[in-house]
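These notes concern the structure reproduced below.
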Amino acid sequence: AQSVSQHNHHVILSEAASLELGCNYSYGGTVNLFWYVQYPGQHLQLLLKYFSGDPLVKGIKGFEAEFIKSKFSFNLRKPSVQWSDTAEYFCAVTNAGKSTFGDGTTLTVKP
Amino acid sequence: SQTIHQWPATLVQPVGSPLSLECTVEGTSNPNLYWYRQAAGRGLQLLFYSVGIGQISSEVPQNLSASRPQDRQFILSSKKLLLSDSGFYLCAWRQTGGNYGYTFGSGTRLTVV
């Protein structure tokens, strides 16, 4: 069974700091990779996704993620965070139509 | 446009009582439908998924069941709730085929007392 590991449970940053959230998965076959975000009081929503092609994918609100197949990783990055990026972030791996999620990383951005 | 509706938003039920949570999708046909449970500080655990009417796959054996009586309706049920069934339940859908992410409902906070 596939598993997803998010190494940071809680990250605290000041505004304008750079962000990188780690995500590693266990499945060795073809996978689709996602990052979802849940802002306080809101639904989970898709942030970005990778299926094939350029391993550096760009999502909404200036986020990007890089798929490194050799490391089974799909880390999320943002060069300069804002207070409004405070949220919980989930990495997910999809295989055969089913997604496995990581435990999530809570990001707190201090103004 | 497609929308997903999930209700109720919150529910407090006594131990041993039945449960029925409903999820409906509008604006699409033949969606893949999912029920997840989200525990505090943990990720989402897939409970059930369905690729069509009457087709249910269970990921985690437990006190819950799911049904899909109509193409865009997905129901999560229990005959007798346990304290351990408390949690936040999310319904989600994605388009069949292709490479699509999930669209999630707003969730149901279930507290079993």
Inset, instruction - Scan the range A:55-64 and give yes if some residue there is touching a Lys or Arg at 6+ places or on another chain (Cβ under 7 Å) and not in a strand (DSSP E or B), otherwise no. - result: yes
Inset, instruction - Of the numbered conditions (1) in a loop (DSSP other than H, G, I, E, B); (2) within 11 Å of another protein chain (Cβ to nearest Cβ), B:Asn63 fails exactly one; give the number of that condition. - result: (2)
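Assess whether A:Leu47 counts as being touching a helix residue (DSSP H, G or I) at 6+ places or on another chain (Cβ under 7 Å), in a strand (DSSP E or B) and modelled with pLDDT of 90 or more. Spell out how you get there, then give the answer.
Details: touching a helix residue (DSSP H, G or I) at 6+ places or on another chain (Cβ under 7 Å): yes; in a strand (DSSP E or B): yes; modelled with pLDDT of 90 or more: yes.
For A:Leu47, the condition - touching a helix residue (DSSP H, G or I) at 6+ places or on another chain (Cβ under 7 Å), in a strand (DSSP E or B) and modelled with pLDDT of 90 or more - is met.
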Legend entry - Test for B:Arg42: is it within 11 Å of chain A (Cβ to nearest Cβ) and touching a residue at least 40 places away in the same chain (Cβ under 8 Å): no
Inset, instruction - Within the range B:93-104, track down each residue that is more than 7 Å from chain A (Cβ to nearest Cβ), part of a loop (DSSP other than H, G, I, E, B) and in contact (Cβ under 8 Å) with a residue 24 or more places away in the chain. - result: B:Gln95, B:Thr96
Legend entry - Residues that are within 14 Å of chain B (Cβ to nearest Cβ), surrounded by fewer than 17 Cβ atoms within 10 Å (Cβ to Cβ) and within 13 Å of the chain's Cα centre (by Cα), drawn from the range A:35-93: A:Gln45, A:Ile60
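Can B:Leu90 be described as part of a loop (DSSP other than H, G, I, E, B) and either buried (at least 20 other Cβ atoms within 10 Å of the Cβ) or within 12 Å of the chain's Cα centre (by Cα) (or both)? It would help to see each step written out before you state the result.
Details: part of a loop (DSSP other than H, G, I, E, B): no; either buried (at least 20 other Cβ atoms within 10 Å of the Cβ) or within 12 Å of the chain's Cα centre (by Cα) (or both): yes.
Spelling it out, it is not the case that B:Leu90 is part of a loop (DSSP other than H, G, I, E, B) and either buried (at least 20 other Cβ atoms within 10 Å of the Cβ) or within 12 Å of the chain's Cα centre (by Cα) (or both).
The values are calculated or read from the model by the stated rules, or taken from the named source; none is laboratory data. The shown structure was predicted, so the numbers you read here are calculated from the model rather than taken from an experiment. Here Cβ is always computed from backbone atoms with ideal geometry, including for glycine, and neighbour counts include all displayed protein chains.
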